[in-house]
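Beneath this line is the structure, given in structure tokens, with notes to follow.
The values are calculated or read from the model by the stated rules, or taken from the named source; none is laboratory data. Every value quoted in this text rests on a predicted model; they were computed, and no experiment measured them. Cβ sites come from the backbone with ideal geometry, for glycine too, and all protein chains shown count toward neighbours.
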Amino acid sequence: MSEPVLVSTWHHGRGANEAGWPHLVSRSALDAVEEAVRTAEADPEVRSVGRGGYPDRLGRVTLDAVVMDHDYRCGAVAALEGFLHAVSVAREVMERTDHVLLAGAGAADFARSIGMQPERLLTAETMRLFEEKVRVRETAPANIENHDTIVSLGCDAQGRLAGACSTSGLMNRLHGRVGDSPIVGAGLYVDGEVGAAGATGHGELALRVAASALVIERMRGGLAVAAACESVIEHIRRRLRPGPDRQLALLAIDRDGRCGAAALLPGFSYALTRAGVHEMVEVDA
């Protein structure tokens, strides 16, 4: 038996964990991470996830999400428009189809076909804030303040691992841009024999090195969880030489419930829940 643990990124991870924890105890890690992420998607104060997420340059909110379990089962959606719970659509892709990733209009058609109802995701307040930030920062596609992607990783008492990730993407992105979040191996990776890892921040950095899968492989090679995250961050820093406004954070757990994280820049935190006790962990950069 393993010690159940649930971790979720950023300040809104605490509310996500509070929603997901009962599912971790009574059901499964996969149910727990889905419920955790759904909570963030429904919160209009989380500016780059679900309802209230920042729009692209055309003023349209599109969502990316992925789920993955300990048996390499996975499902994802990219550039999904008009449906709130992208993470649940991603899970249905995994459960109901032979595919891994559906995108754009095809993802929306699938969501509609399984009975999900379309919703308006762009709020007046989000649009006001978006226009204000874009005006100040001109055309900069990323900044330290808007990395709110939710990644949730869980390990249940049976030692089953699962992960989920959801985002509306970088502020002021080009229409059609897809980041790391829905890409298995970049934004999320789960291996039931090793652990689970996820990325949040500037997605192109994670995409270029398959960051989440790389964390798992370094854990497989013998590194402890935190050391594996730190080694991949240092690899990104050395090889990609990201600019001073490019944040990327990595979060991981192993099959024994140990967790760790690392980030390029200060300011990253994650919620950690064990034995029903919720706490926030600040990560030094």
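With respect to the conditions (1) surrounded by fewer than 18 Cβ atoms within 10 Å (Cβ to Cβ); (2) farther than 21 Å from Ala261 by Cβ; (3) of a type outside the set (Ser, Thr, Tyr), His11 lacks only one, and its number is (2).
Yes/no per residue for (1) touching a residue at least 12 places away in the same chain (Cβ under 8 Å); (2) in contact with a helix residue (DSSP H, G or I) (Cβ under 8 Å, 6 or more places away or on another chain); (3) of a type in the set (A, V, I, L, M, F, W, C):
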site: Trp10; (1), (2), (3): yes, no, yes
site: Ala16; (1), (2), (3): yes, yes, yes
site: Gly20; (1), (2), (3): yes, yes, no
site: Ser48; (1), (2), (3): yes, yes, no
site: Val66; (1), (2), (3): yes, yes, yes
site: Val77; (1), (2), (3): yes, yes, yes
site: Leu84; (1), (2), (3): yes, yes, yes
site: Val100; (1), (2), (3): yes, yes, yes
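Of the residues Ala226, Ala275, Ala249, the single one that is closer than 21 Å to His12 by Cα and in contact with a strand residue (DSSP E or B) (Cβ under 7 Å, 6 or more places away or on another chain) is Ala249. Please verify whether region 32-47 includes one or more residues that are more than 19 Å from Ala157 (Cα to Cα) and in contact with a Cys (Cβ under 8 Å, 6 or more places away or on another chain). Scanning region 32-47, I find at least one residue that is more than 19 Å from Ala157 (Cα to Cα) and in contact with a Cys (Cβ under 8 Å, 6 or more places away or on another chain), so the answer is yes. Counting only strands (runs of 3 or more DSSP E) that sit wholly inside region 212-285, those with at least 3 residues that are surrounded by 23 or more Cβ atoms within 10 Å (Cβ to Cβ) and not hydroxyl-bearing (Ser, Thr, Tyr) are 248-254, 259-263. Residue selection: Leu24 fails the criterion of being modelled with pLDDT of 95 or more and within 22 Å of Ala263 (Cβ to Cβ).
Taken as a whole, the condition of being under 24 Å from Leu272 (Cα atoms) and either without any contact (Cβ under 8 Å) to a residue 24 or more places away in the chain or buried (at least 24 other Cβ atoms within 10 Å of the Cβ) (or both) applies to Glu34. Looking across region 160-178, the residues that are at pLDDT 95 or above and either in contact with a helix residue (DSSP H, G or I) (Cβ under 6 Å, 6 or more places away or on another chain) or assigned to a strand (DSSP E or B) (or both) come down to Arg160, Leu161, Ala162, Gly163, Ala164, Cys165, Ser166, Thr167. Exactly one residue among Arg47, Arg60 is crowded, with 18+ Cβ neighbours inside 10 Å and at pLDDT below 95, and that residue is Arg47.
Are any residues in region 44-55 of a type outside the set (A, V, I, L, M, F, W, C) and touching a Gly at 6+ places or on another chain (Cβ under 7 Å), and if so, which ones? Within region 44-55, Pro44, Glu45, Arg47, Ser48 qualify. Tell me, which residue of region 180-204 that is in a loop (DSSP other than H, G, I, E, B) and under 10 Å from the mean Cα position of the chain (by Cα) is nearest to Arg220 (Cα to Cα)? Ranking the candidates gives Gly187 first. I'm trying to understand the selection: among the residues of region 226-247, which are touching a Leu at 6+ places or on another chain (Cβ under 9 Å) and modelled with pLDDT of 95 or more? Passing the criteria: Ala228, Cys229, Glu230, Ser231, Val232, Ile233, His235, Ile236, Arg237, Leu240, Pro242. The single residue among Arg208, Arg173, Arg160 that is touching a residue at least 60 places away in the same chain (Cβ under 8 Å), of a type in the set (Lys, Arg) and in contact with a Leu (Cβ under 9 Å, 6 or more places away or on another chain) turns out to be Arg160.
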